[in-house]
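Have a look at the structure below before the remarks.
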Amino acid sequence: MPSLFVPLTGLESSSEALSVTSNNLANLNTIGFKSQRALFGDLFYQQVGTSGAGDPTQIGLGATVEAVDSQFTEGSIQASGVPTDVAIQGDGFFVVQQGGEQLYTRAGDFTTDQNGNLLAQDGSQVMGYAAVNGVIPPGAALLPLAINVGQNTPPQPTANVALALNLDSSATVGTTFSTSAAVYDSLGDTHVLTYNFTKTAANAWTYAITIPAADTTGGVTAVTNGTLTFNGAGQLTLPAANVAGIALPPLSDGANAQTFNWNLYSAPGVGDVTQVAAPSAASSTTVDGFASGSLSSYLINSDGTIQGTFSNGQTAAIGQIALASFQNDQGLVRNGSNNYLASLSSGQPSIGAPGTGARGSLSGGSLEESNVDLATQFANLIIEERSYQANAKAVTTFDEVTQAAIALIP
């Protein structure tokens, strides 16, 4: 009697659909969760004859859940203010690694351990590209990322000095003026250079750059000297170019030999040093280079770059979070803990930087919420409950019909 088994398939299908909906509701607050839906299909048919026109007469034998697919629509992005939190805007999955196995997730509620390793909440390592000297090199290998607060950035010696200043054209011959600029050596130590100017004639000044004797081996103070010449409008004419390759004497702290440029011109023909009838004064001093510094804070940019801010005021990349994309997201296998596994159906991942290759961008200090829509799930619950009740009623109805048929037996 196949009639009893037809509603049983409906009961089983409705029960599976209720499980899917219940799982969606259970994960209403799961970060990055993607809701699922049960897709029904008729099971198969029994042909019991043909009509007078020769058309087949078929009786259906039930229903089944043909597929449970995932809804990969983007969840709401909510700011969290936590620097290790990150949300994906658009397509893609974070790449994580656990026990040598590569997994994929949309949940960006990351954290760091005592060693600075960037981890997902299940302890898997977040994968990306490490920075070299503050830059993400092209073609870098995929590696576990780390953010070590307190890590040091090496110093950078000064290579360029620029002084914006005026020398008083009304000063008498022999008048002097001095200003200073602090430069960094290869160890990050500073040395205060003194720029001494002496008027020698109308529109002519000499300069001598000195360094404190205590900063050099042998007490050498002279760095370099020369002449500045101006035209009648107070514009610098000689030297006609920047003074390049100024060498410091050997330094007593053991730093490497060092040269720097004195940039006299901010643009061709535009000198930073002028000579007009106004008091001699320096309006600004620009020096590149910096001392070493330790990582004090960081943020995650839209391209996945983890940008660190160091105690010396410098900013530099310390890593970049990678994203993976798939030809068929529906082919991914859910593995629990917000993770997915690649499969033959999903295809192999295409891994790269956010914002490239159809991969989405990132939003640092934010999280992607579950995309479960509460109203939709409640509506599905009602429909699936009614379906279950209707199929259960079909079972009881067939039972009553069977009891009536048995009662006919004498």
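Every read-out reported here was derived from the displayed coordinates using simple, explicitly stated rules and does not represent laboratory data. Remember, it's a predicted structure, so these values are computed and weren't measured experimentally. All Cβ positions, even for glycine, are placed from backbone atoms using ideal geometry, and neighbour counts span all protein chains on display.
Quick notes
- Neighbour-count ranking [beta-carbon atoms within 10 angstrom, fewest first] of PHE378, PHE44: PHE44, PHE378
- Relative to the longest principal axis of the Cα atoms of the chain, the long axis of helix 374-407 lies at roughly 20 degrees.
- When the chain is treated as a Gaussian network with alpha carbon springs shorter than 10 Å, the biggest mean-square fluctuation among ALA222, ALA87, ALA131 belongs to ALA222.
- Alpha carbon centroid spacing (whole Å) that separates the stretch 115-187 from the stretch 75-90: 29 Å
- Expressed to the nearest 5 percent, the antiparallel share of DSSP beta bridges inside the chain is 95 percent.
- Residue order, fewest to most surrounding Cβ atoms within 10 angstrom, among PHE230, PHE93: PHE230, PHE93
- Spin-label pair ILE59-THR397: with each label point 7 Å from Cα along the Cα-Cβ axis, the two points sit 1.5 nm from one another.
- Whole-Å semi-axes of the ellipsoid equivalent to the stretch 160-287 (Cα gyration tensor, √5λ, descending): 27, 15, 12
- Scaled to the globular estimate 2.2 N^0.38 Å, the Cα spread of the stretch 243-381, given as radius of gyration, is 1.92.
- When the chain is treated as a Gaussian network with alpha carbon springs shorter than 10 Å, the biggest mean-square fluctuation among THR227, THR57, THR356 belongs to THR57.
- Using the Cβ of ASN24 as centre and a radius below 10 Å, the other residues enclosed give a net charge of +1, where K and R count +1 and D and E count -1.
- THR229-GLN78 FRET efficiency (beta carbon distance; Förster radius 60 Å; 0.05 resolution): 0.40
- Ordered by the count of other Cβ atoms within 10 Å of each Cβ, fewest first, TYR104, TYR298 give TYR298, TYR104.
- Over the stretch 160-287, relative contact order from alpha-carbon pairs under 8 Å, at least 6 apart, %: 35 percent
- Other residues within the sphere of radius under 15 Å centred on the Cβ of ALA379, judged by their own Cβ, net out at -1 (K and R +1, D and E -1).
- Residue among GLY41, GLY99, GLY123 with the largest mean-square fluctuation in a Gaussian network model of the chain, springs linking Cα atoms under 10 Å: GLY99
- 37 °C / 0.692 mPa s Stokes-Einstein diffusion coefficient of the stretch 111-156, Kirkwood radius on C-alpha pairs, µm²/s: 278 µm²/s
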